[in-house]
Every structure is written in structure tokens, then in C-alpha cells.
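Peer 1: Once you've had a glance at the structure underneath, I'll fire off some questions.
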Amino acid sequence: MLALALAATAAAMSAAGYQSMAATGQWYGKTFIGSRRGSKQLALTYDDGPNDPHTLRLLEVLAKQNVHATFFLIGRYVQQRPDIVRQVVNAGHVVGNHTWSHPNLIFASAKQAATELKTCKQAITQAIGQHSSLFRPPFGGRRPGTLRIARSLGLVPVMWNVSGQDWKGHSADKIKQRIRRQVRGGDVILLHDGSHTGMGADRSQTIIATDLLLSEIKSEGFDFVTIPESMGAPAVSRER
């Protein structure tokens, strides 16, 4: 009996740990992971910017493809390059909160988590004024308390259900093919225009993959939308 109890406890702890990092996990509170499955809508999202020069190069590709995306920004980078954030918003994209310094919030105290979210929000507000209430936890890590704090600050948690795993340094073709294998419609796609390790991270392969992906998938009748559009809500990001 003891062995069974210990095994059950270990299994529960393992499942709980998985849910704290699983992008589509909903044990710890509801998060947005896409619209109606099988729809023709797809939402492109980019984390860890603004990043010089790759965010600006990505904006060129998105403009060429006439697609709007959602950018989850790190506050300390926003403070460094508010000019890039303004260009993102002026191009019609939506920006959201990705904390001030990109910690794994699973290990953050309630005070630290609240400070990370508040200071990022302040940095974005100083750069562009009013912006979206969207929030994405770094690494996808969250606990029930993390989501409660976010919601107490008026933030809406957003995860993803398709990932290109571009942070692993894959080639553009491998990033694109990985996304193509997962897309079913109604998806939120995770890519990165920056890196939490520092400004200037090379995301050239992500930019190439984005161009290739958009050219292929648009020809199949898919429509790329922002997260607020996928939610059926207004996009509130705008230039001050």
C-alpha cells in the first residue's frame, strides 16, 4: 500500500510539474491557446523583443506579406529601444507583456511576479501609451498564483499550441517544416524575434522561416490575425 501511495504521489507531482510548463495545459487556470480548432485563422506571435536589428527586419517581411502579428516584449529591452516598439505598433501589430527581465515565474515569489509584470507594463506604456492587456509567461512557466496575479493586474494570459522551436538554432526550413506539421487551423504560433539572453540575438533564420511560411500557408486559404482578433476582441495597441 505504501508503495502504491508513493507511486501515486510521484505521478501527481510529475503531472503537476508538466502542467506548470505545458503550453496547452489548463490545470492551473484558463489561458488562451487559439480560436476554434480547424478554422482558417492563424495567429503569429513573437517573443523576447524588441531586438535590434531583427525585429525591424521581421517588420519588413510582415509588411511585404500584409500580415499583422502579436509581439510579447521584454520590458528591459523596451526601455532600451522604445523606438523599435513604436515602429512595431505603427505598423499595425499588437504588443503584450512578457515581464521585465524574463524570469521563470514558477520560481518567483508573488511580489517578484507582480513587480515583473508591473515594470514591463510601465515600460511599454512609456514607449507607446495605451496597449493590449495580453501577457505571456516566460518559458510558459506559471503556477495558479502567477495567473491570479496577472489577472489582478488586468492581464490576459496567452500561451500557444504550435511552436517552431526557433530558439534551438534550427535552419529556416526546419522551423517552417516543424510549424507546417503542427498547424490545423485556429492555432497560436510561437516564434522569437529576440532572446532573453541579450539584445542583438541572431534571429535571421526565424525571419526567413516567417517569409517562407506565410507564402505557403496563405496560398492554402489561411488568414493570419492578431491575438485580439483571434479572441474576437479589439486590438488596443496604438501610438501615443
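The values are calculated or read from the model by the stated rules, or taken from the named source; none is laboratory data. Bear in mind the structure is a predicted one, so any value in this text is a computation, not a measurement. Positions of Cβ are generated from backbone atoms using ideal geometry, with glycine treated the same way; all protein chains shown enter the neighbour counts. All accessible areas refer to the heavy atoms of the entire protein, side chains included, with ligands and DNA or RNA removed. Shrake-Rupley method; radii C 1.70, N 1.55, O 1.52, S 1.80 Å.
Peer 1: On a full-extension model of 0.36 nm per residue, what is the gain between Ala110 and Arg151, subtracting their alpha-carbon distance, rounded to one decimal in nm?
Peer 2: Between Ala110 and Arg151, full extension yields an extra 13.5 nm.
Peer 1: Would you mind working out the accessible area per residue for segment 47-87, using a 1.4 Å probe, and quoting it in Å²?
Peer 2: Using a 1.4 Å probe on heavy atoms only, each residue of segment 47-87 averages 37 Å².
Peer 1: Any idea how many Lys pairs in the chain come in under 14 angstrom at the alpha carbon, given 8 or more places apart or on separate chains?
Peer 2: For the chain, qualifying lysine pairs total 4.
Peer 1: Also, I was wondering about something else. Does the chain classify as rounded, prolate or oblate by the C-alpha gyration tensor (a ≥ b ≥ c root eigenvalues; a/c under 1.5 gives rounded; else a/b over b/c gives prolate, otherwise oblate)?
Peer 2: Oblate, since a/c reaches 1.5 and b/c is not below a/b.
Peer 1: Say each of Ser219 and Ser39 gets a label point 7 Å from the Cα, pointing the same way as Cα to Cβ; how far apart are those two points in nm?
Peer 2: Taking the two extended label points, one gets 2.6 nm.
Peer 1: Still on this structure: Take every DSSP beta bridge with both residues inside the chain and express the antiparallel ones as a percent of the total, to the nearest 5.
Peer 2: Once the DSSP bridges in the chain are tallied, antiparallel ones form about 5 percent.
Peer 1: At a 1.4 Å probe radius, carbon and sulfur cover how many percent of the accessible area of the chain?
Peer 2: 55
Peer 1: Let me ask something additional. Pull out a ≥ b ≥ c, the square roots of the eigenvalues of the alpha-carbon gyration tensor of segment 166-240, then state rounded if a/c is under 1.5, prolate if not and a/b is larger than b/c, and oblate in the remaining case.
Peer 2: Oblate shape, in that a/c is at least 1.5 and b/c is the bigger or equal ratio.
Peer 1: Let me make sure I get this right: for segment 196-236, a, b and c are the square roots of the gyration tensor eigenvalues over alpha carbons, sorted descending. Under 1.5 in a/c it's rounded, otherwise prolate if a/b > b/c, else oblate. Which is it?
Peer 2: oblate
Peer 1: Another question, if that's okay. With a 1.4 Å probe and all protein chains left in place, how much accessible area per residue does segment 92-171 have, in Å²?
Peer 2: I get 38 Å² per residue for segment 92-171.
Peer 1: Can you give the relative contact order of the chain as a percent, counting alpha carbon pairs under 8 Å and 6+ residues apart?
Peer 2: Relative contact order, the chain: 32 percent.
Peer 1: For n ≥ 4 DSSP H runs only, could you compute -39500 (n - 2.57) per run for the chain, divide by its residues and tell me the 222 nm figure to the nearest 500?
Peer 2: Estimated from H runs of four or more residues: -13500 deg cm²/dmol.
Peer 1: Grab the other residues whose beta carbon is less than 14 angstrom from that of Thr24, score K and R as +1, D and E as -1, and report the net.
Peer 2: Residues close to Thr24 contribute a combined charge of +4.
Peer 1: Given the protein chains as shown and a 1.4 Å probe, how many square angstrom of Arg184 are accessible, to the nearest 10?
Peer 2: Number for this one is 130 Å².
Peer 1: Let me ask you something else. Simple spin-label model, 7 Å along Cα-to-Cβ: Ala22 to Thr197 in nm?
Peer 2: Using points 7 Å along Cα→Cβ, the separation is 2.9 nm.
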